[in-house]
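Asker: Structure provided below as structure tokens; questions to follow.
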Amino acid sequence: MDMDVTRMPRYYPIMADLEGVPCLVVGGGTIAERKLSGLLECGAAVTVVAPEWTDGIEAWRQQGEVELRAKRYAPGDLADAALVFAATDSREVNRMVCEQAEAEGRWASNAAEPESGRFVVPASLRRGKLLLAVSTSGASPGLAAQIRDELAASYGDEYEAMLEFLEAFRQEMKHRLPDERARRAWARRLLTADLPAVVRSGGWETFCRARLAELRQDPAYRHEPPAGSDK
């Protein structure tokens, strides 16, 4: 197959805590709005640089959720940004943003040409604490979105309730069940049940109470927390 295919990097998957992290979005269109939505959901401190912007971005500006600079991009706009998102309708501007970010040791993403940036943003699906991310390494964002949508049919809202309980159960085991093998056995036991079906059946609260009661009857369970524990 004789085609001119740009070589894509081999990406390393990572989940990043962006709470309070200064991020710069260059561009004010629908693509920039999508990037901005995800960043705000994660609590990032976002600055937008654009001569014009969507109604959605304007709403965030009025609510004080973003700093908006009504201007065209200039190199000085990169100052203080830990992550940079080039999302304009100009390939030349996007490339310039990424090149200047690279020169300054900043990580940048190019929405139009992923290979020119340091990272890509995957298609993602969030169900409470469950976060599924799908990437084709920039080869086909459309396919990544299609796979994400297919996953959405399999991983519904019930996973939010499931993970809330599983996290609480894990924390109780961590503080009250000192035997690591016993903790692993309990974790396996929980996950062998068809938890999504239990949630959908309406019997989730009964299930959770029953599993906690069984845990507290385990011979290895400590009914008093270990010394020095706040649990």
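Asker: Starting at the first residue of segment 26-32, write each ³J(HN,Hα) from the Karplus equation 6.51 cos²θ - 1.76 cosθ + 1.60 with θ = phi - 60°, in whole Hz, x for Gly and Pro.
Answerer: 9, x, x, x, 5, 5, 4
Asker: Please give the FRET efficiency for residue 175 paired with residue 155, using the beta carbon to beta carbon distance and R0 = 45 Å, rounded to the nearest 0.05.
Answerer: Details: r = 29 Å, r/R0 = 0.65.
For residue 175 and residue 155, the calculated efficiency is 0.95.
Asker: Starting from the amide H of residue 106, placed 1.01 Å from N in the peptide plane, find each other amide H under 5 Å away whose residue is 5 or more places distant or on another chain.
Answerer: Here the answer is none, since no amide H 5 or more places off falls under 5 Å of that of residue 106.
Asker: Determine the percent antiparallel among the DSSP beta bridges restricted to the chain, to the nearest 5.
Answerer: Details: 5 of 23 bridges.
Counting DSSP beta bridges with both partners in the chain, the antiparallel share is about 20 percent.
Asker: Angle check, please: helix 91-103 long axis (alpha carbons) against the longest principal axis of the chain (alpha carbons), in degrees 0 to 90, nearest 10.
Answerer: 70 degrees
Asker: Using the Cα centre as the reference, give the magnitude of the dipole from point charges on the C-beta atoms of the chain (Lys, Arg: +1; Asp, Glu: -1; all else neutral), rounded to the nearest 20 debye. If you can, show how the numbers build up before the last one.
Answerer: Values: 30 positive and 36 negative charges, 200 e Å.
In total the dipole reaches around 960 debye.
Asker: Next question, about the same structure. Rounded to the nearest 20 debye, what is the charge dipole size of segment 22-121 about its Cα centre when +1 sits on each Lys and Arg Cβ and -1 on each Asp and Glu Cβ?
Answerer: Values: 10 positive and 16 negative charges, 13 e Å.
Roughly 60 debye for segment 22-121.
Asker: Rank 115, 214, 158 by mean-square fluctuation in a GNM of the chain with C-alpha springs under 10 angstrom and give only the top-ranked residue.
Answerer: Evaluated over the chain, the most mobile residue of the options is 214.
Asker: Here's another thing I want to ask about it. For residue 65 and residue 126, calculate 0.36 nm times their separation in residues minus their Cα-Cα distance, and state this gained length in nm to one decimal. Provide the component values of the computation, followed by the final result.
Answerer: Details: separation 61, 0.36 × 61 = 21.96 nm, distance 2.12 nm.
Full extension of this stretch gives 19.8 nm more.
Asker: Need the C-alpha centroid separation for segment 158-203 versus segment 38-63, integer Å.
Answerer: Between the Cα centre of segment 158-203 and that of segment 38-63, the gap is 38 Å.
Asker: Still on this structure, I have one more. Please rank 23, 208, 42, fewest neighbouring Cβ atoms within 10 Å first, as an exposure proxy.
Answerer: Working: 23 22, 208 18, 42 14.
With the fewest neighbours first, 23, 208, 42 line up as 42, 208, 23.
Asker: Then there's this: Taking neighbour Cβ counts within 10 Å as the exposure measure, how do 147, 57 sort from fewest upward? Mind dumping the intermediate values first?
Answerer: Numbers: 147 17, 57 25.
Placing the least packed residue first, the sequence is 147, 57.
Asker: Go through 128, 44, 20 and say which Cα lies farthest out towards the positive end of the charge dipole of the chain; charges sit on Cβ, +1 for Lys and Arg, -1 for Asp and Glu.
Answerer: Most positive-ward Cα: 128.
Asker: Based on other C-beta atoms within 10 Å, arrange 131, 39 from fewest to most.
Answerer: Working: 131 11, 39 21.
Fewest to most other Cβ atoms nearby, the residues stand as 131, 39.
Asker: Less than 15 Å Cβ to Cβ from residue 208, Lys/Arg counted +1 and Asp/Glu -1: what total charge do the surrounding residues give?
Answerer: Spelling it out: positives minus negatives among the neighbours equals -2.
Asker: Towards the positive end of the charge dipole of the chain, with charges on Cβ (+1 Lys, Arg; -1 Asp, Glu), say which of 182, 70, 112 has the farthest Cα.
Answerer: 182
Asker: Counting pairs on different chains as well as pairs 8 or more places apart, how many Lys pairs in the chain have Cα atoms under 24 Å apart?
Answerer: Details: 35/71; 35/129; 129/174; 129/231; 174/231.
Within the chain, the lysine pair count is 5.
Asker: Continuing with this model, one more query. What value does the chain have for Rg/Rh, both radii from Cα atoms and Rh as Kirkwood defines it? Before the final figure, lay out each step's value.
Answerer: On the way: Rg = 23.0 Å, Rh = 21.0 Å.
Radius of gyration relative to Kirkwood radius: 1.10.
Asker: Follow-up question, since we're still on this one. Suppose a student asked you for the relative contact order of segment 22-121, using Cα pairs under 8 Å spaced at least 6 residues apart; what percent would you report? Could you put the intermediate results ahead of the total?
Answerer: On the way: 188 pairs, mean separation 26.9, N = 100.
Normalised by residue count, the contact order of segment 22-121 is 27 percent.
Asker: Roughly how tilted is helix 204-216, in degrees to the nearest 10 and between 0 and 90, from the longest Cα axis of the chain?
Answerer: Helix 204-216 and the main axis of the chain meet at about 60 degrees.
Asker: Quick query: amide H of residue 45 versus all other amide H atoms, modeled in the peptide plane; which residues come in under 5 Å with a sequence gap of 5 or more or a different chain?
Answerer: 20, 21, 23
Asker: Next question. Relative to the longest principal axis of the chain, what angle (0 to 90°, nearest 10) does the C-alpha long axis of helix 180-192 take?
Answerer: 80 degrees
Readers should treat all values here as calculations from the given coordinates under stated rules, not as data from a laboratory. From a predicted model like this one, the values you see are computed outputs, not experimental measurements. Neighbour counts run over all protein chains shown; Cβ positions are idealised from the backbone, glycine included.
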